[in-house]
Structures are given as C-alpha cells and as structure tokens.
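One structure is given here, and the rest of the page talks about it.
Every number in this text was worked out from the coordinates using simple rules, so none of it is lab data. Because the structure is a prediction, the values reported are computed rather than measured. For neighbour counting, all protein chains shown are included, and Cβ atoms are generated from backbone atoms with ideal geometry for every residue, glycine included.
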Amino acid sequence: MSTDVSKSEQEWREQLTTEQYEVLRRKGTERPFSGEYVHTKADGTYRCAACGAELFRSDAKFDSRTGWPSFTEPAVAANVELHQDRAYGMVRTEVTCRRCDSHLGHVFDDGPAPTGQRYCINSVSLQLDPKPDA
C-alpha cells in the first residue's frame, strides 16, 4: 500500500457519510441498483469520493446490468491498486484507490471488448466531475 493521503479513522468518519465510511473504509458494498451512478450517462470524470483522485472516465462506463457502475478500464491505471480478496469464501480481485487506500469495488474478467474487464465499482466510492458543456 502506497498512500499519499493518511487520516485517522476518526478523521475518515468525520469526512465521509455513514454509507461512504462503510464501503470506502470497511470494504462494504452498497445494495445493487441503489447507487447514484448506476444509470448515469453524463460525460465526465469519476473521482474517489474520499480523496478526489481521478479513477474512471464516462467513456469507459457501460451497462453491465449487475446493479453497480461498471467500467472497462481505469482513467489512470496508476491511481488504482488490485488486491486478492478471499472474503466470504470467494476469490475476487479488489480495487482500491492508490492515493488513500479506499475500497472501490472489484474487477472481473467478464467485461466487453477491448479489455474484457468489468470494474464493478460502488457509487458511494465515486464522485462525478461532469464535463463542462462545450
């Protein structure tokens, strides 16, 4: 873990909503189809809700019909880290923000071309920075 943002758990609790804290800091997940960005089609950049790091772009977002925002690839690969997750008797690949070590979601190998990846990310882990109208 190589983080640029280091805060105490109390500081994270004060900064984040209860749901954000549960997902970002405790590795929880939001209920499927409940997140703000599941059906969003707005152009822009998705940033980490905890630290503002650039994570995903709207042109990499697709409808996976899984109940969470899904992306084919990160906007800046160096801004995310992948970790093996063996929780709940499953083996998955967890996605975290490299800058603040916040839990974002998981990546799976069942996405569309060209990457074949599905970054399945919790809406509460994200903050959409809309692209200004041209």
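Distance check, please: which entries in Lys7/Lys27; Lys41/Lys131; Lys7/Lys41 exceed 22 angstrom between their Cα atoms?
Over 22 Å apart, Cα to Cα: Lys7/Lys41.
Along region 107-121, what does the Karplus equation 6.51 cos²θ - 1.76 cosθ + 1.60 (θ = phi - 60°) give for ³J(HN,Hα), rounded to whole Hz, x for Gly and Pro?
Those phi angles translate into 10, 10, 8, 10, x, x, 5, x, 8, x, 9, 10, 7, 9, 10 Hz.
Using the Cα centre of region 9-130 as the reference point, and only Cβ charges (+1 on K/R, -1 on D/E), how large is the resulting charge dipole? Debye, rounded to the nearest 20.
Rounded to the nearest 20 debye, it is 180 debye.
Can you tally the net charge around Gln117? Count Lys and Arg as +1, Asp and Glu as -1, for every other residue whose Cβ sits under 11 Å from the Cβ of Gln117. Present the calculation step by step, with values, prior to reporting the outcome.
Details: positive: Arg118; negative: Glu73, Asp109, Asp110.
Summing Lys and Arg as +1 and Asp and Glu as -1 gives -2.
Report, in debye and to the nearest 20, how large the dipole of region 63-134 comes out about its Cα centre when Lys and Arg carry +1 and Asp and Glu carry -1 on their Cβ.
100
Just how large is the dipole of region 25-80 about the Cα centre, in debye to the nearest 20, putting +1 at every Lys and Arg Cβ and -1 at every Asp and Glu Cβ?
The calculation lands at about 300 debye.
What residues of region 104-134 lie in the reach of a label at Thr40, counting those whose backbone N is under 12 Å from a point 7 Å from the Cα along Cα→Cβ?
Zone members listed by number: 122-131.
Please list, ordered by chain and number, the residues whose modelled amide H lies under 5 Å from the amide H of Leu126; skip anything fewer than 5 residues away on the same chain.
When sequence neighbours closer than 5 places are left aside, the close amide H contacts are Ala49.
Å³ per residue of the Cα convex hull, for the chain?
Convex hull volume per residue, Cα atoms: 117 Å³.
Quick query: amide H of Gly44 versus all other amide H atoms, modeled in the peptide plane; which residues come in under 5 Å with a sequence gap of 5 or more or a different chain?
Residues meeting the criterion, in which the H sits 1.01 Å from N, are Ser58, Asp59, Lys131.
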